[in-house]
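One structure is given here, and the rest of the page talks about it.
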Amino acid sequence: MTVNPPMSPKDDDNGAGRRIKLDKVDRRILRDLQDNGRMTNVELAKRAQISAPPCLRRVRALEDAGIIKGYHADIDAERLGYEVLFFALVGLDSQAESVLTSFEEKLRDWPEVRECHMVRGAGDFLLKIVCRNTAHENEMTTKLTSSPHVVTVQTIQVIRTDKKLPGIPVVVEG
């Protein structure tokens with residue numbers, strides 16, 4: 001985004017979700033906050049090579065524009081008793097919008113379902129699900145397979161995770 005005067009992402013956004021142009025400082029702020037959402041504004045400003053007040057204005061503008069959607073703690077699932085992580089590829093008997101929406105609404109009430117993605121290809125939805133143990137995983141799979149309009153469920157249990165990065169790649173240069 002243009003820096004002079006201090007940016008406001010809303011100025012470039014037509015409200016239709018159009019991509020917003022960000023400058024190098026905006027991208028550095030985004031990268032650093034994504035890596036450490038608890039960083040102080042003073043430290044963030046120092047890393048972005050600007051003073052604290054304009055840095056805070058930029059962060060607020062990025063939040064207001066919906067580019068920064070929130071701040072979250074990365075919690076160790078196993079330490080809280082969730083030893084099983086699996087993905088489920090779910091096929092429905094219809095792709096009517098009412099069926100798809102109904103399925104999504106149902107899953108919003110299932111705390112174990114951490115992510116729900118409508119997909120193209122082998123199924124209709126890809127779910128990321130956490131469970132306490134194998135018995136809980138079996139219970140969740142049964143709950144899924146007995147849900148209205150579900151015709152196929154293929155589960156894939158995670159053995160280990162080598163790479164888990166939050167967010168997206170934020171390129172500062174270029």
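Values quoted throughout were computed directly from the atomic coordinates according to the rules given, and no laboratory measurement underlies them. The shown structure was predicted, so the numbers you read here are calculated from the model rather than taken from an experiment. For neighbour counting, all protein chains shown are included, and Cβ atoms are generated from backbone atoms with ideal geometry for every residue, glycine included.
Residues in the stretch 69-96 near a label at VAL158, defined as backbone nitrogen under 18 Å from the 7 Å Cα→Cβ point?
72-90
Relative contact order for the chain: what percent, with Cα pairs under 8 Å and sequence separation of 6 or more?
24 percent
Could you name the lysines in cross-link range of LYS69, using Cα to Cα under 25 Å and dropping any fewer than eight places away on the same chain?
LYS10, LYS21, LYS24, LYS46, LYS106, LYS128, LYS163, LYS164
Could you list ILE20, ILE29, ILE168 in order of exposure, starting from the residue whose Cβ has the fewest other Cβ atoms within 10 Å?
Going from least to most buried by this count: ILE168, ILE20, ILE29.
Name the trypsin sites (Lys or Arg not before Pro) in the stretch 112-174 that are in a loop by DSSP and that have at most 11 other C-beta atoms within 10 Å, would you? Working shown, then result.
Numbers: sites: ARG114, ARG120, LYS128, ARG132, LYS143, ARG160, LYS163, LYS164; in loops: ARG120, ARG132, ARG160, LYS163, LYS164.
Those that pass, being in a loop and sparsely packed, are ARG120, ARG160, LYS163, LYS164.
For Cα extents along the principal axes in Å, several values are listed as (i) 57, 39, 27; (ii) 47, 40, 33; (iii) 60, 43, 26; flag the one computed from this structure.
(i)
Exposure proxy check: PHE103, PHE87 ranked by fewest other beta carbons within 10 Å?
Ordered by Cβ neighbours within 10 Å, fewest first: PHE87, PHE103.
What shape does the stretch 78-157 take by its C-alpha gyration tensor, where a ≥ b ≥ c are the square roots of the eigenvalues and a/c under 1.5 counts as rounded, a/b above b/c as prolate, and the rest as oblate? Write out the running numbers ahead of the final one.
Working: a/c = 1.99, a/b = 1.88, b/c = 1.06.
Cα axes put the stretch 78-157 in the prolate bin.
So for the stretch 78-157, averaging the separation of alpha carbon pairs under 8 Å that are six or more residues apart and normalising by length, what relative contact order in percent results?
Working: 123 pairs, mean separation 37.6, N = 80.
Averaging sequence separation for qualifying contacts and normalising by length gives 47 percent for the stretch 78-157.
Under 5 Å between amide H atoms, partner at least 5 residues away or on a different chain: which partners does TYR82 have, H built in plane at 1.01 Å?
none
Between ASN133 and ALA52, how many nm apart are label points set 7 Å from Cα along the C-beta direction?
5.1 nm
Helix 24-35 sits at what angle to the longest principal axis of the chain, using alpha carbons and giving 0 to 90 degrees rounded to 10?
Long axis of 24-35 versus the principal axis of the chain: about 40 degrees.
Which of the GluC sites (Glu not before Pro) across the stretch 82-174 are loop residues per DSSP, with 16 or fewer other Cβ within 10 Å?
GLU83, GLU173
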